[in-house]
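Notes follow the structure.
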Amino acid sequence: MEKHKLRILFVEDDDLMRETISNILSKSADEVFLAENGLKGLELYKEHKPEIVITDIMMPEMNGLEMIRKIRQEGIPVKIAVVSAYSEKENFLRSITLGVNNFLIKPISYRDLLKVIDDFANVIFMEKKIEDERNQRFQAQEELKKAHVELESRVIERTHELAVANQQLREFQETLQDKIEKSVAEIRMKDHIMMLQSRQAVMGEMIGHIGHQWRQPLNTIGLLTQSMLFSFRNNNLTDEVFDERVSKIMEILDHMSVTIDDFRDFFNPNREKTTFEADRIIRKTISFVENSFQKHKITLRYEKEDDCIIEGFENEYSQVLMNLLINAKDALVHNRQDNRKIAIRLSSQLGQSCLEVEDNAGGIPEEIRENIFQPYFTTKKDHKGTGLGLYICRTIVEKNMSGKIEIRNTNTGVIFTIRI
Amino acid sequence: MGNRILIVEDEVLIREMLKEIFLAIFPEVYTADNGESGLLQYNRIHPDLVITDIKMRKMDGLTMIDKIKEINETQKFIVITAYSDEEHQRRVRKQGIDHLLVKPIDCRNLIDISKNLLKNV
């Protein structure tokens with residue numbers, strides 16, 4: 001701590017005494033103010049606010065005690081010493097009540113004077129130090145308070161930020177939830193559309209088969225009708241002939257209606273799980289495609305080793321088999337000139353039905369074997385395939401009927417295995 | 001018109017209908033129920049026109065046609081098919097078939113074509 005400036009006001013009416021003491025004081029003090037009476041002393045005090053006041057008592061104009069009283073009224077803890085003689089006991093008592101800090105007895109010794117000043121300087125120094133420390137502490141407290149307030153406001157700010165972040169998070173979660181729900185709905189919709197597309201592809205194929213199946217009976221009906229016309233023109237259309245032709249036509253029409261029923265049953269969107277005999281569905285499915293397979297010189301063989309009862313959707317089971325048969329047919333027509341074969345086997349293995357569809361169309365390259373169940377994956381050229389068939393097969397077998405569909409290569413082709 | 005016609009068709013009802021209709025116009029109509037018996041019949045009667053189905057047991061129509069052409073390169077044929085797709089028709093035409101009719105057939109059309117083909121015999 002830097003040493004404080006020490007300034008002294010000395011009030012004495014005796015000129016010689018004032019001069020003498022002033023010289024001594026100059027050595028200890030940084031600055032000395034001199035006054036010859038209380039009034040002058042008070043003026044100088046008010047003007048300079050020195051740290052120490054040393055004053056005589058008996059003086060003209062205003063005595064020392066009166067001046068001290070007035071200085072004290074200023075309210076500054078200035079250090080005051082009075083100079084008095086032993087004989088002036090009254091003055092001592094009054095000085096004490098005025099809050100004088102020290103006394104110097106006349107005649108003033110050089111030593112006593114220096115000691116008083118030294119003591120005052122120490123006290124001032126200590127007081128200053130205390131004051132400084134108090135200030136420091138106060139400042140520290142203020143800073144602490146300020147920090148506290150700042151902290152509090154930051155806590156409030158942070159709390160607000162957190163609330164905002166929380167709100168944003170909640171909103172984000174809600175949007176996310178919305179998005180997820182939307183995506184799930186979209187995926188479901190997509191699956192549904194795929195299912196429909198695949199069904200349509202199979203339906204198209206079946207319409208082809210039916211068209212083919214119908215050509216023969218349509219041709220017969222046509223001929224029967226025209227033969228009636230020719231007989232009529234030749235005048236040999238008897239009642240018997242007429243009857244016979246009409247009943248023949250009706251018989252054929254009945255047969256064709258059955259095909260329509262089968263076809264409608266196949267596409268009946270029946271979502272009820274039933275138990276059905278695999279053998280019956282397999283035979284029905286084969287009957288749809290048999291004719292067109294013959295046209296492509298494909299030998300279709302079916303062996304039933306065991307009776308199998310399946311719980312699930314019989315139309316979907318039929319759709320899976322139809323898909324596999326159509327795929328095999330397309331592969332055979334594309335890859336083989338003759339000896340085209342498809343073998344279907346139904347057996348019971350470990351309590352499950354096991355349906356195998358094997359062809360000799362050359363098999364599938366190992367590197368794409370994993371992909372063939374993916375949606376929109378097709379190896380068929382000229383946009384013949386939708387790329388959905390096997391994807392839908394897997395969906396039907398694995399999702400809808402909790403089964404398993406697998407493919408493996410043989411020496412001459414592939415085998416699809418369906419376990420349900 | 002004393003032309004001989006051979007009808008090769010495996011389905012009995014259609015075969016009989018065709019025979020009946022053709023007999024009203026042409027006096028000599030013979031039939032066979034598959035390619036093999038059709039070929040035997042051909043060798044016996046040497047018809048001016050052969051009308052045949054394609055898909056038949058034992059021997060199909062196209063095989064029979066090939067064998068007949070080995071005997072008589074200028075033999076006239078009418079082929080009746082149930083297959084309407086173009087690829088199949090192209091394949092049949094490549095074999096030098098005069099006419100290809102798709103089922104169900106119109107008899108008036110069949111008779112007109114037959115008459116035309118037989119005019120040049």
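The values are calculated or read from the model by the stated rules, or taken from the named source; none is laboratory data. Computed from a predicted structure; not experimentally measured. Counting neighbours? That spans all protein chains shown, and the Cβs are built from the backbone with ideal geometry, glycine included. The protein model used for the area step is the full one, side chains on, heavy atoms only, and it has no ligands, DNA or RNA in it. Shrake-Rupley method; radii C 1.70, N 1.55, O 1.52, S 1.80 Å.
Quick check: is even one residue across region A:135-150 assigned to a helix (DSSP H, G or I) and either in the same structural domain as A:ILE21 (by TED's automatic domain parsing) or of a type in the set (Phe, Trp, Tyr) (or both)? Looking for residues that are assigned to a helix (DSSP H, G or I) and either in the same structural domain as A:ILE21 (by TED's automatic domain parsing) or of a type in the set (Phe, Trp, Tyr) (or both), one finds at least one in region A:135-150, hence yes. Only one entry in A:SER318, A:SER347 is under 50 Å from the mean Cα position of the chain (by Cα) and among the hydroxyl-bearing types (Ser, Thr, Tyr), namely A:SER318.
Is there a residue being among the basic types (Lys, Arg), outside the structural domain of A:TYR86 (by TED's automatic domain parsing) and within 21 Å of A:ALA85 (Cα to Cα) anywhere in region A:113-122?
Pass one, region A:113-122, residues among the basic types (Lys, Arg): A:115.
When the remaining residues are screened for being outside the structural domain of A:TYR86 (by TED's automatic domain parsing), the result is A:115.
Okay, now just the ones that are also within 21 Å of A:ALA85 (Cα to Cα), so A:115.
Yes, region A:113-122 has at least one match.
When you check A:SER153 against the structure, is it part of a helix (DSSP H, G or I), among the hydroxyl-bearing types (Ser, Thr, Tyr) and under 30 Å from A:GLN319 (Cβ atoms), yes or no? The answer is no for A:SER153.
Checking each residue of region A:295-311 against the condition of being in a helix (DSSP H, G or I) and either without any contact (Cβ under 8 Å) to a residue 24 or more places away in the chain or open to solvent by 30 Å² or more (accessible area, probe 1.4 Å) (or both) gives at least one match. Taking (1) open to solvent by less than 60 Å² (accessible area, probe 1.4 Å); (2) touching a helix residue (DSSP H, G or I) at 6+ places or on another chain (Cβ under 9 Å) in turn, A:LEU44 satisfies each apart from (2). Residues in region B:59-92 that are surrounded by fewer than 16 Cβ atoms within 10 Å (Cβ to Cβ), within 14 Å of chain A (Cβ to nearest Cβ) and not in a helix (DSSP H, G or I): B:SER84, B:ASP85. From the list A:GLU251, A:GLU205, A:GLU290, which one is among the charged types (D, E, K, R) and either more than 60 Å from the chain's Cα centre (by Cα) or at pLDDT 85 or above (or both)? Answer to the selection: A:GLU251.
Looking only at residues of region A:97-111 that are in contact (Cβ under 8 Å) with a residue 24 or more places away in the chain and outside any helix (DSSP H, G or I), we find that the one that is surrounded by the most Cβ atoms within 10 Å (Cβ to Cβ) is A:VAL100. So, in region B:1-30, how many residues would count as being surrounded by 18 or more Cβ atoms within 10 Å (Cβ to Cβ), β-branched (Val, Ile, Thr) and within 14 Å of another protein chain (Cβ to nearest Cβ)? Total satisfying the criteria: 4. Filtering region A:29-38 to residues that are crowded, with 17+ Cβ neighbours inside 10 Å and not in a loop (DSSP other than H, G, I, E, B) leaves A:VAL32, A:PHE33, A:LEU34, A:ALA35, A:GLY38.
In region B:93-121, of all residues being over 22 Å from A:LEU218 (Cα atoms) and among the hydrophobic types (A, V, I, L, M, F, W, C), the one that is farthest from the other protein chains (Cβ to nearest Cβ) corresponds to B:VAL121. Here is the figure for region A:293-328: residues that are touching a Lys or Arg at 6+ places or on another chain (Cβ under 7 Å), within 21 Å of A:ALA361 (Cβ to Cβ), at pLDDT below 90 and hydrophobic (A, V, I, L, M, F, W, C) total 1. Taking the criterion of being more than 14 Å from chain B (Cβ to nearest Cβ), of a type outside the set (Gly, Ala, Ser) and open to solvent by 30 Å² or more (accessible area, probe 1.4 Å), would at least one residue in region A:218-237 satisfy it? Checked against the condition, which is being more than 14 Å from chain B (Cβ to nearest Cβ), of a type outside the set (Gly, Ala, Ser) and open to solvent by 30 Å² or more (accessible area, probe 1.4 Å), region A:218-237 yields no hits at all. Taken over region A:62-82, the criterion of being in a loop (DSSP other than H, G, I, E, B) and open to solvent by less than 10 Å² (accessible area, probe 1.4 Å) is satisfied by A:VAL78 alone.
Of the numbered criteria (1) of a type in the set (Gly, Ala, Ser); (2) assigned to a helix (DSSP H, G or I); (3) at pLDDT below 90, the one A:ALA163 fails is (3). Take B:VAL50 and decide whether it is open to solvent by less than 10 Å² (accessible area, probe 1.4 Å), within 13 Å of another protein chain (Cβ to nearest Cβ) and either under 12 Å from the mean Cα position of the chain (by Cα) or not aromatic (Phe, Trp, Tyr) (or both). Answer is no for this residue.
Cβ-Cβ distances below 8 Å connect the following pairs, each with a first residue in region A:75-96 that is of a type outside the set (Asp, Glu), a second residue that is at pLDDT below 85 and assigned to a strand (DSSP E or B), and a separation of six or more residues or different chains: A:ASN91/A:SER84; A:PHE92/A:SER84; A:SER95/A:SER84. Taking region B:11-39 as the range and being in contact with a Lys or Arg (Cβ under 6 Å, 6 or more places away or on another chain) and either under 12 Å from B:THR52 (Cα atoms) or part of a helix (DSSP H, G or I) (or both) as the test, the residues that pass are B:THR31, B:ASN34, B:GLU36, B:LEU39.
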